[in-house]
Protein chains: 4
Amino acid sequence: MKNVAIIGGSGYGGGELLRLLLAHPCVEVKQVTSRSHLGEYVYQVHPNLRKQTQLKFSNPALLETVDILFLAQPHGQAQHHIEEYVRLAPKIIDLAADFRLRDAAFYEQWYGEKHAAPEWLSKFVYGLPELHRAEMRTASYVSGVGCNATASNLALLPLVKADLLDTSAPIFIEIKVGSSESGAEGNAGSQHAERASVIRTFSAFGHRHTAEVIQEMGVDAKRVSLTMTAVDLVRGVLATAHGKVKQGVATKDLWKAYRVVANENPFLRVVKEQRGIYRVPEPKILAGSNYADIGFELDESNGHVVAMCAIDNLMKGASGSAVQCMNLMMGWEETLGLVFMGLHPI
Amino acid sequence: MKNVAIIGGSGYGGGELLRLLLAHPCVEVKQVTSRSHLGEYVYQVHPNLRKQTQLKFSNPALLETVDILFLAQPHGQAQHHIEEYVRLAPKIIDLAADFRLRDAAFYEQWYGEKHAAPEWLSKFVYGLPELHRAEMRTASYVSGVGCNATASNLALLPLVKADLLDTSAPIFIEIKVGSSESGAEGNAGSQHAERASVIRTFSAFGHRHTAEVIQEMGVDAKRVSLTMTAVDLVRGVLATAHGKVKQGVATKDLWKAYRVVANENPFLRVVKEQRGIYRVPEPKILAGSNYADIGFELDESNGHVVAMCAIDNLMKGASGSAVQCMNLMMGWEETLGLVFMGLHPI
Amino acid sequence: MKNVAIIGGSGYGGGELLRLLLAHPCVEVKQVTSRSHLGEYVYQVHPNLRKQTQLKFSNPALLETVDILFLAQPHGQAQHHIEEYVRLAPKIIDLAADFRLRDAAFYEQWYGEKHAAPEWLSKFVYGLPELHRAEMRTASYVSGVGCNATASNLALLPLVKADLLDTSAPIFIEIKVGSSESGAEGNAGSQHAERASVIRTFSAFGHRHTAEVIQEMGVDAKRVSLTMTAVDLVRGVLATAHGKVKQGVATKDLWKAYRVVANENPFLRVVKEQRGIYRVPEPKILAGSNYADIGFELDESNGHVVAMCAIDNLMKGASGSAVQCMNLMMGWEETLGLVFMGLHPI
Amino acid sequence: MKNVAIIGGSGYGGGELLRLLLAHPCVEVKQVTSRSHLGEYVYQVHPNLRKQTQLKFSNPALLETVDILFLAQPHGQAQHHIEEYVRLAPKIIDLAADFRLRDAAFYEQWYGEKHAAPEWLSKFVYGLPELHRAEMRTASYVSGVGCNATASNLALLPLVKADLLDTSAPIFIEIKVGSSESGAEGNAGSQHAERASVIRTFSAFGHRHTAEVIQEMGVDAKRVSLTMTAVDLVRGVLATAHGKVKQGVATKDLWKAYRVVANENPFLRVVKEQRGIYRVPEPKILAGSNYADIGFELDESNGHVVAMCAIDNLMKGASGSAVQCMNLMMGWEETLGLVFMGLHPI
């Protein structure tokens, strides 16, 4: 059993992480910190954990050393404290955006501020196992992933890997998201009376997660855009990438590209059915699951392709991927503690 | 007072039409037909009409002549009976898809069957007042509009009218829709347990309403696609068109184009705010209203434009537009009986 | 045209009131105040009012005299300013709880504080037209109604009026409510991610609206309880009163009692169908409507009765009733400006 | 590893059971039958099972013998085939209502038809482990439980067990339920457009599950009623029992009674907090979990008690309890395969 601690455990990402770690066969959670809920039982904030643990939120200033340290704070904290954190644990996994980008100038361009610890950017591996599995096996430090970036990157992965995209055409990625993306703090617009039944485009261009798509997929920044629309569900993201395939690329080529990727990755599934209710990737059935469901449609008459990826933003888009990273970093079975299948109906 | 009758009154479009006509100051509803609910009070099917009317559903075979006849049947009925219908009334408004397209071959291409009354196609005016107001003032026959086509056409209208679009770039229209689009009959996938909290792309390409966008916007069929995604609300459509503007077109040009269109049309509003919760077009606040809210975002760095239109699919996307057409055909004030403002919150 | 002003127009009740008054044929809205949104267009807060009015929120300190003054502030304000308000208008309608109870000691018992203007309590008429129509015709000051109290009172009204209840048995009123009851400010628990899909009993006993049921129905305080449960909708209340009828009372007696009440009141409807989807009172179809739908079931084997009333909490439970009161106070047609039928489906 | 088969695997209860059994460490699922989906992969109906199993729905006529047989058919099937089924397996667990009641006359009274195999009624143990744990350890045949009966019985259990209820006062049980209770077939009223945002009382008295409360809690049939109201969520039941405690019973007595029951039962939790969002039992956080959360409020001034129980109707109310029964029947750890904690937020 390895000892772990979580800094910032009262948010949604921290709570989900705690749930997964409490059930993980190889780790023991020693501390979970929260300034705003200091001294409270964790189940008072995360009511699903009642009767699961008697842990209370502890003071982040009093952390002891552990084998693995998870950072689940709001963005912008970790880069100011990374030197302290590395003294606490040999392995660190950060769920926030602080160490996702490899280049300090690129970071400044997208986040509108200088990075506080630019020398640390190169020491982190980007935390999506489907893209960096090999490096993770030897990595000490792994970053988090943006949930919208993850859905986008996994939608594009089969096409990019098999080099099927016409690189001169734009890629419009339409992303629909649930309310848990707003975080536990929320805002005026995420009050239920204002947020229920919405189809609300809160960002047409310029969402920060775009930077992770540019970096990880190697697409030209001018060609790609993410458009974010809030819809009425709590957990879930669907990314729908609209692009163009190279001349001559046919449906069978895409099938092959998708199958290759799904076979190489335990948490990827191709969903493309001719009958039944669930014919395409849908986040509805993924709540609590670490799967990313991928699929596509190709209009062979003009080469337009629609590539889809559905995930649970708190699982594959955050805490699930973080646990998957931990498994790889520790040399454990990649799927350990991540076997929940999701529910139907839900 | 003019006499009106509705053929096919038990569906959602028919019920909404009935609601509007019962409150309209210039008409009296004489008959509403329904085979499946023959003899029932209309309020037993449309419970909002309780204490509003004692009308019962009548037999379509026993219709008497009226001044205005509305057809609210499922698609494919009206074209087989149009010769009978024109003997019943001098003015006909059809909500279905039977007479939306002007060309029989084009109809066959999109509907996969020969049209049963091709000679009648040229006698109908396409039923969107924002596109055909002048013709409607003298028209005897007006077609319905596809709700998704309406959201798409009104999203594109300012750009097309001001000729701002780069006609060599594709137009991807992402459409999110509520469950009332499935109709009162529904299907296995529209059962609440399967339909709640979905983000379900049920048509990536090839939706029939695409034909109405091609016809009415004059865009090349190869360049435009509609991608349909069901989300969790009952009433509402948001169409988001992703395209490219001509070189040199700036945000101020779009502002001008949008304002011109909004000023010319009583039911169009430009929504583009810098603060508050409701900054962009959203169907949430349009339930029951005939407004179409339009808006845009332009990335001046690469010319990518996101053009949005939100409507209530049963109002501006069906019955509301039909009543607006009636007002124009009869020489009445265009907004008569359509003044409901919508609700907030809802 | 009479001049009206609204103090406190940025909340949900104030916004709904404004919507109704803007469409009312006999009044002109001269001022709407809001401290927090001072100077903003009202449509920036209430987006359904875009293109309906160019009114901006004004300073409550600068109000001019009007014919009718509506108070739509949070509870506890009006009682401190009533002397100022009566100098501004001869007719006042208060939507808050300040003047609902007739007895200062009773107020203190339920609100936990002394009333600031006890001498004014007797000058207000309780604002439910179904209970105080005659007094309203000559009243200068009318109070608001609690939305949950209104649903409860109208559920019980036919039984109480016809004296059918066994007064020795308890009355348990189970109330299910939507999220707009939390108000525009909201709270941590009304964030969408925490509030969606809830069945959350937030008050088992002791809700303040209970006092209005005791006062208006004349039931013994020991016998009646309101249990409040939040469910997933925005607008709507269903009150379900569980009680016992007097020995020998049969279903036909209840039918008669309900019909009498529905015939006397333009906004009451009895809903009790044997077929179809909508057989009982339901708030779903009442959004935006001023109707209160009432119904019942009686178990003749043991005298248990279930009496139901569904309303839109912002309409019949607040602003709709307030406009109905205004109509009565001014000698206008009671239903003026309140004819919206509600939507189906929604 | 024990071999199991499921008869009737395409419904919601069967699908949930299959999910649990596929992850259970001591069993192997050999067959899952479905007539309507014969030959299809189970993941085509239950999409959460994709990449979990290659099982296909098989023909119930071709079942082979197994160690444990689950019956997950619609009500009314099992009683006609029980003689066949007992030849297939030494241990049978039936999820339907066929063998829940111990008395044939009582069955006929509530189900309106003679039981087809009355001699089998006494051979089944009622399938709620919290009530019949000891008998289950030696039982061959265990029945299912009604989900609404389970929520009601567990709400009342602490009060009944500690004998705190005034047996002369009525018990009104108000039950709010999600749409998965309608089953995979659904009906006109469970179409999303008609079912979303409802508060719909579909049964005021006489729901069949009442019989299980009478039988298992030993309450007089005249005193107890279940009132069923559909609300907008997919999974979940909240039962709220309104009754009266014996004279002199205080809050501390109830606390003690609840704690005793929670300590004796691994899946019961008392929820009664003074702060935070989740202070009372709520089904929202129980989706996929086998917990039953119980709680209460007592008005000491008049003895009114509100006793609550929240469950996931497909888990503790059906398939979860069935697996728990299996664990007890087989001598395994009671919680085996049932450790999923539920999600927050969801």
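Any read-out appearing in this document is the output of simple, stated calculations on the displayed coordinates, not a laboratory observation. Computed from a prediction, not measured in an experiment: that's the story for all the values here. As a convention, Cβ positions derive from the backbone with ideal geometry for all residues, glycine included, and neighbour counts pool all protein chains shown.
Of all chain B residues, the one whose Cβ lies closest to the rotation axis that maps B onto D, given with that distance rounded to whole Å, is B:His192, 2.
Legend: Rg and Dmax of the stretch C:3-44, from Cα coordinates, 9.8, 29 Å.
Near B:Val198, the amide H atoms lying under 5 Å from its own belong to B:Asp232; only residues 5 or more places off or on other chains count, and H is placed 1.01 Å from N. Viscosity 1.567 mPa s, temperature 4 °C: Stokes-Einstein D of the stretch C:203-346 from its Kirkwood Cα radius, in µm² per second? Stokes-Einstein gives a translational diffusion coefficient of 78 µm²/s. Derived scalar couplings between HN and Hα for the stretch C:53-67 equal 7, 9, 4, 10, 5, 10, 7, x, 6, 10, 5, 9, 5, 9, 7 Hz in order, rounded to whole Hz, by the Karplus curve 6.51 cos²θ - 1.76 cosθ + 1.60 (θ = phi - 60°), x for Gly and Pro. In terms of surrounding Cβ atoms within a 10 Å radius of their Cβ, A:Thr335, D:Thr210, C:Thr53 rank from fewest to most as A:Thr335, C:Thr53, D:Thr210.
Orientation-averaged projection of the protein assembly as shown equals 49.4 nm² [convex hull of Cα atoms, one quarter of hull surface area]. Taking a ≥ b ≥ c as the square roots of the eigenvalues of the Cα gyration tensor, an a/c ratio of 1.5 or more together with a/b no larger than b/c marks the stretch C:234-273 as oblate.
Of all DSSP bridge pairs formed entirely within chain D, close to 50 percent run antiparallel. A simple rule links phi to the HN-Hα coupling: the Karplus curve 6.51 cos²θ - 1.76 cosθ + 1.60 with θ = phi - 60°, which for the stretch D:90-101 gives x, 10, 10, 10, 9, 7, 7, 8, 4, 10, 7, 9 Hz, with x for Gly and Pro. Sorted from shortest to longest, the distances between the B:Glu273 label points of this copy and the other copies are 3.4, 3.7, 4.2 nm, with each point 7 Å from Cα along the line through the beta carbon.
Pairs of Cα atoms nearer than 8 Å and 6+ residues apart set the relative contact order; for chain D it is 17 percent. Taking other Cβ atoms within 10 Å as a rough exposure proxy, C:Asp163, C:Asp232, B:Asp293 sort from fewest to most as C:Asp163, C:Asp232, B:Asp293.
Built from the Cα atoms of the stretch D:90-235, the convex hull projects on average onto 10.1 nm², one quarter of its surface area. For B:Glu83, the distances from its label point to the matching points in the remaining copies are 6.5, 8.5, 9.1 nm, ordered from shortest, with each point set 7 Å beyond Cα toward Cβ.
Considering only beta bridges that DSSP places wholly inside the stretch C:1-143, some 5 percent are antiparallel.
Under a 5 Å amide H cut-off, with hydrogens placed 1.01 Å from N, A:Val32 pairs with A:Ile6, A:Ser58 among residues at least 5 apart or on other chains.
Relative to one another, the C-alpha centroids of the stretch B:168-213 and the stretch B:130-150 are positioned 23 Å apart. Backbone amide hydrogens, once placed in the peptide plane, bring D:Ile171 within less than 5 Å of D:Val224, D:Ser225, excluding anything fewer than 5 places away on its chain.
Shortest first, B:Gln109 label-point distances to identical copies amount to 4.2, 7.1, 7.8 nm, with the label point at 7 Å from Cα along Cα→Cβ. Give the shape of the stretch C:250-298 as rounded, prolate or oblate, defined through the alpha-carbon gyration tensor: a ≥ b ≥ c are the square roots of its eigenvalues, a/c under 1.5 means rounded, and otherwise the shape is prolate if a/b is larger than b/c and oblate if not. Oblate. How much of the DSSP beta bridge set in the protein assembly as shown is antiparallel, as a percent to the nearest 5? Roughly 50 percent of the beta bridges in the protein assembly as shown run antiparallel, per DSSP. Specify the residue with the greatest mean-square fluctuation among A:Gln79, A:Gln31, A:Gln44, computed from a Gaussian network of chain A linking alpha-carbon atoms under 10 Å apart. Result for chain A, Cα springs under 10 Å: A:Gln44 fluctuates most.
May I ask which of A:Lys176/B:Lys256; A:Lys272/B:Lys222; C:Lys256/C:Lys284; A:Lys176/A:Lys316; D:Lys2/D:Lys30 have a Cα-Cα span longer than 19 Å here? In this structure, A:Lys176/B:Lys256; A:Lys272/B:Lys222; C:Lys256/C:Lys284 exceed 19 Å between Cα atoms.
For the pair the stretch C:241-279 and the stretch B:273-334, the centres of their Cα atoms are 42 angstrom apart. The charge dipole of chain C, taken about the Cα centre with unit charges on the Cβ atoms of Lys, Arg (+1) and Asp, Glu (-1), comes to about 540 debye, rounded to the nearest 20. Sequentially through the stretch C:14-25, phi angles give Karplus couplings (6.51, -1.76, 1.60; θ = phi - 60°) of x, x, 5, 4, 4, 4, 5, 6, 4, 9, 7, x Hz, Gly and Pro residues having no value and appearing as x. The value given for the stretch B:1-95 is a Kirkwood hydrodynamic radius of 13.1 Å, derived from the mean inverse Cα-Cα separation.
When +1 charges are put on Lys and Arg Cβ atoms and -1 charges on Asp and Glu Cβ atoms, the dipole computed for the protein assembly as shown relative to its Cα centre reaches about 0 debye.
Ordering D:His81, B:His209, A:His24 by the number of other Cβ atoms within 10 Å of each residue's own Cβ, fewest first, gives D:His81, A:His24, B:His209. What shape does the stretch C:93-156 take by its C-alpha gyration tensor, where a ≥ b ≥ c are the square roots of the eigenvalues and a/c under 1.5 counts as rounded, a/b above b/c as prolate, and the rest as oblate? Since a/c reaches 1.5 but b/c is at least a/b, the shape of the stretch C:93-156 is classed as oblate.
Expressed in Å, the radius of gyration and Dmax of the Cα atoms of chain A are 19.7, 63.
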